[in-house]
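Read through the structure below, which is laid out as structure tokens, and then see the notes.
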Amino acid sequence: MTDCIFCRIVAGEIPAKLILETENVVAFHDLNPVAPQHALVIPRRHIATLDDATDEDRELLGQLMLAGAEAARLLGCAENGYRTVMNCKESGGQSVYHIHLHVLGGRPFSWPPG
Ligand code: DGP
């Protein structure tokens, strides 16, 4: 059994509120939402951080972004707009080391981020 929480969600060992699934990616609701709509989009395959992604992951990363856009449409926040974020490592605020795209919607977001 893996100790990666998101690999365990992909394997169905930990429940999650699914938004969409494709061959390579899964989107589900964040357990601790920081916006009215807060989805996470992850690859089924374990990649710890964006810094670990390689040129071989180019297609997969594109699929991750497009699934994020689809999740935003399904959540009803595409028309007004939304924020996508991928935190990388400690200074980026990453806490789960399996890459994930945050899709945040349902309120305005300021810039620059904190
Ligand atoms: P980050 O800090 O960028 O690594 O974001 C990790 C996110 O993962 C954070 O917003 C909370 C969420 N999270 C952590 N554990 C779980 C879980 O078991 N289920 C779900 N749905 N989300 C989780």
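Computed from the coordinates by the stated procedures, all read-outs in this text should not be read as laboratory data. In this text the structure is predicted, and so the values were computed from the model without any measurement. Ideal geometry is used to build each Cβ from the backbone, glycine not excepted, and the neighbour counts take in all protein chains shown.
Which of the residues belonging to the stretch 16-54 are of a type in the set (Asp, Glu) and either over 12 Å from the mean Cα position of the chain (by Cα) or part of a strand (DSSP E or B) (or both)? It would help to see each step written out before you state the result.
Quick first cut of the stretch 16-54, residues of a type in the set (Asp, Glu) only: 21, 23, 30, 51-52.
Residues satisfying the conditions are GLU21, GLU23, ASP51, ASP52.
Residue under question is GLU79, and the condition is that it be away from the ligand (no atom under 15 Å from the Cβ), farther than 22 Å from GLU21 by Cβ and among the charged types (D, E, K, R); does it hold?
yes
Of the numbered conditions (1) within 14 Å of the ligand (Cβ to nearest atom); (2) touching a Pro at 6+ places or on another chain (Cβ under 9 Å), LEU61 fails exactly one; give the number of that condition.
If we test LEU61 against (1) within 14 Å of the ligand (Cβ to nearest atom); (2) touching a Pro at 6+ places or on another chain (Cβ under 9 Å), just (1) comes out false.
Return yes or no: is GLU13 in a loop (DSSP other than H, G, I, E, B), loosely packed, with under 13 Cβ neighbours inside 10 Å and away from the ligand (no atom under 13 Å from the Cβ)?
Working: in a loop (DSSP other than H, G, I, E, B): yes; loosely packed, with under 13 Cβ neighbours inside 10 Å: yes; away from the ligand (no atom under 13 Å from the Cβ): no.
Against the criterion (in a loop (DSSP other than H, G, I, E, B), loosely packed, with under 13 Cβ neighbours inside 10 Å and away from the ligand (no atom under 13 Å from the Cβ)), GLU13 does not qualify.
Conditions (1) among the polar types (S, T, N, Q); (2) free of Cβ contacts under 8 Å to residues at least 12 places away in the same chain; (3) in a loop (DSSP other than H, G, I, E, B), marked per residue:
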{"site": "ARG58", "(1), (2), (3)": "no, yes, no"}
{"site": "GLY68", "(1), (2), (3)": "no, no, no"}
{"site": "ALA71", "(1), (2), (3)": "no, no, no"}
{"site": "CYS77", "(1), (2), (3)": "no, no, yes"}
{"site": "ASN87", "(1), (2), (3)": "yes, no, yes"}
{"site": "SER91", "(1), (2), (3)": "yes, yes, no"}
{"site": "VAL103", "(1), (2), (3)": "no, no, no"}
{"site": "PRO108", "(1), (2), (3)": "no, yes, yes"}
{"site": "PRO113", "(1), (2), (3)": "no, no, yes"}
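Residue check: is ALA69 among the hydrophobic types (A, V, I, L, M, F, W, C), farther than 23 Å from ASP3 by Cα and either in contact with a Pro (Cβ under 7 Å, 6 or more places away or on another chain) or more than 16 Å from the ligand (Cβ to nearest atom) (or both)?
On the way: among the hydrophobic types (A, V, I, L, M, F, W, C): yes; farther than 23 Å from ASP3 by Cα: yes; either in contact with a Pro (Cβ under 7 Å, 6 or more places away or on another chain) or more than 16 Å from the ligand (Cβ to nearest atom) (or both): yes.
Here the answer is yes, as ALA69 does meet what is asked.
Checking GLN37 against (1) touching an Asp or Glu at 6+ places or on another chain (Cβ under 9 Å); (2) buried (at least 19 other Cβ atoms within 10 Å of the Cβ): exactly one of these is not met. Which one?
(1)
Can you pull out the residues in the stretch 85-114 that are touching a strand residue (DSSP E or B) at 6+ places or on another chain (Cβ under 6 Å) and surrounded by fewer than 17 Cβ atoms within 10 Å (Cβ to Cβ)?
Of everything in the stretch 85-114, those that are touching a strand residue (DSSP E or B) at 6+ places or on another chain (Cβ under 6 Å) and surrounded by fewer than 17 Cβ atoms within 10 Å (Cβ to Cβ) turn out to be VAL85, GLY106, PHE109.
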